[in-house]
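These notes are about the structure you will find just below.
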Amino acid sequence: MDTLSIQLDKNCSVPMYMQIANSIEKLIDKNELSIGDKLPPIRKLATKLDVNNVTIVNAYKHLEVNDYVTAVKGSGYYIKDKKFKKIVPSDTTKEYFSSIQNDDYDYEYENIKLMTSGQIEISENAINFASATPDPSIFPVDIFKSALNEVLDRDKGFAFGYQESNGYEPLREALSDYLLRSNSIKVPSDFIQIVSGAQQGIDIIGKCLLNPGDYVITENPTYSGAVSVFKSRDAQIVGVPMLQDGIDTDILEENVKKYHPKLVYLMTKFQNPTTISYSEEKLYKILKMADKYNFYIVEDDSLAGLSFSNLSMNTTLKSLDTNDRVIYVKSFSKLLMPGLRIGFVTCPEIIVDKFMMAKHTTDISSSGLIQRALHIYFEKGQWENHLSYMKNIYKSKYDAMVYELNKLEKYGITFFKPQGGLNFWLTLPKELDATKLYLECAKKDVLLVPGKIFYTSKCDNMNKTIRISFAGTNVDEIKAGVAIINDIASKLINKTTKKTYLTPMI
Ligand SMILES: Cc1ncc(COP(=O)(O)O)c(C=O)c1O
């Protein structure tokens, strides 16, 4: 369909894009547009109606959100069958997009939608600071291949049978042993539950413990994958700001008293996204609070192990937990390979059976083959070898990042120097807006994540933060990528601070 018959009233108080969307809705309702019909190209309709392209984009997006049309990437918008279930974007996404009304709306909408769903489309040449996923070229493929072969030679068809829901016993024992050696965490193997990634672990915790209306306190900003889980259980999320040594415990206590949360979700090492690590004093304070006010703590320790500091970074809430208050969640995605889809959770005794039953109803068990291979990997000390190999590789990227990012300080772009992990958290000066910077960088094939997507609720500086990760980049890309950010920041700042002078008319 090349064009549509739409009448606009430019004097009407209803915004133009709504008038267009309403007219198209009426055409659909009257069957003048049918399922599968393509809407006119944005530019063509904009010219015909004498409006901006952005107005048409907003009208089409409105129709998409209300399930009248579907967008097909690279092709256009098509009329949808209304009988399909309505899919409404999450609150964070909605809130985020309601704050944007500019020429870049369409481009940004598509990209951030992918980002909030955990995926982002990138071009082949892009420098990807957006994803904290490790570079596949450093995955220990050959070593893992021999572990898999060893399992197959040894266990034959048993490797492909159903595994116990709580996980392969020898792997749980190896993990119990490892936790004690590396973090002084004493958890018998019976209280270790294997899961298909930390995300599944958090999801099952939500399933086991949360009822609609329960309160969960998180850091603000926080890992959006966890927030999505808690929201899916109809829990109420309360975000508490971060300080340089961890969550603000005064505000945490106020909120604990006010809301009586069932869970408090924290990342105590290299927090995602702020990169902050908790002081030991704070860890003790939080554990005390958990006892006093009777809540459980979910400690997501996904990046621990990747420390570049000389300080000992091995103390966790779990290692100090004497009263079984902490549910410790660990992923192998960032430090080993995300595609293994393996992680584990240590459960307080009181919920261990409940957790196992919930795991069973989720997917019966995580892959027995992968668990067995991972067990061999641990037994042969390859996990520890790999960790020190990864640390070496990442340390040089981390150093390059610190060196390059320091060059942005002249614009007032500051960052918190993390003790480890794979991310940097930038704070922008008042002249720079994170969305604008993100968009301009994306146009030059440099991908960042606007900090906004990590916040649980609106706060003053949310558009002044950016997360950049060095996990999937090399040192040359870091240099080139930060140079592009430098260039764009300089242009954007010059634009906003450009002065105007009055010239005498003689
Ligand atoms: C803090 C945090 N927790 C959990 C996960 C999910 O990890 P997994 O791949 O093990 O499910 C991620 C992934 O990015 C993460 O950043």
- Note: among 448, 439, 422, just one is in contact with an Asp or Glu (Cβ under 6 Å, 6 or more places away or on another chain) and touching a residue at least 12 places away in the same chain (Cβ under 8 Å), namely 439
- Query: Before we move on, is residue 350 part of a helix (DSSP H, G or I) and buried (at least 21 other Cβ atoms within 10 Å of the Cβ)?
  - Reply: no
- Residue count, segment 415-471 (criterion: part of a loop (DSSP other than H, G, I, E, B) and either touching a Ser or Thr at 6+ places or on another chain (Cβ under 7 Å) or buried (at least 19 other Cβ atoms within 10 Å of the Cβ) (or both)): 14
- Item | Enumeration of residues in segment 172-199 that are in contact with a Leu (Cβ under 6 Å, 6 or more places away or on another chain) and either within 16 Å of the ligand (Cβ to nearest atom) or not in a loop (DSSP other than H, G, I, E, B) (or both) | 192
- Task: Quick one: count up the residues across segment 362-388 that are touching a residue at least 12 places away in the same chain (Cβ under 8 Å) and over 18 Å from residue 147 (Cα atoms).
- Result: 4
- Message: Among the residues of segment 310-322, are any away from the ligand (no atom under 16 Å from the Cβ) and on the phi > 0 side of the Ramachandran plot?
- Response: no
- Tally of residues being buried (at least 19 other Cβ atoms within 10 Å of the Cβ) and without any contact (Cβ under 8 Å) to a residue 40 or more places away in the chain across segment 296-321: 4
- Message: Condition first: surrounded by fewer than 16 Cβ atoms within 10 Å (Cβ to Cβ) and either under 15 Å from residue 296 (Cα atoms) or in contact with a Pro (Cβ under 8 Å, 6 or more places away or on another chain) (or both). Now tell me which residues in segment 200-258 satisfy that.
- Response: 211, 234, 257
- Could you say which residue among 374, 439 is hydrophobic (A, V, I, L, M, F, W, C) and modelled with pLDDT under 95? 439
- Message: Suppose the filter is touching a strand residue (DSSP E or B) at 6+ places or on another chain (Cβ under 6 Å) and at pLDDT 95 or above; does residue 166 pass it?
- Response: yes
- Answer yes or no as to whether residue 475 is at pLDDT 95 or above, surrounded by fewer than 18 Cβ atoms within 10 Å (Cβ to Cβ) and closer than 27 Å to residue 138 by Cβ. yes
- Check whether at least one residue in segment 159-169 is away from the ligand (no atom under 16 Å from the Cβ), hydroxyl-bearing (Ser, Thr, Tyr) and exposed (fewer than 15 other Cβ atoms within 10 Å of the Cβ), and report yes or no. yes
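The values are calculated or read from the model by the stated rules, or taken from the named source; none is laboratory data. Predicted model, so just to flag it, every value in this text is computed and none were measured. No Cβ is skipped: glycine too gets one built from the backbone with ideal geometry, and neighbour counts run over all protein chains shown.
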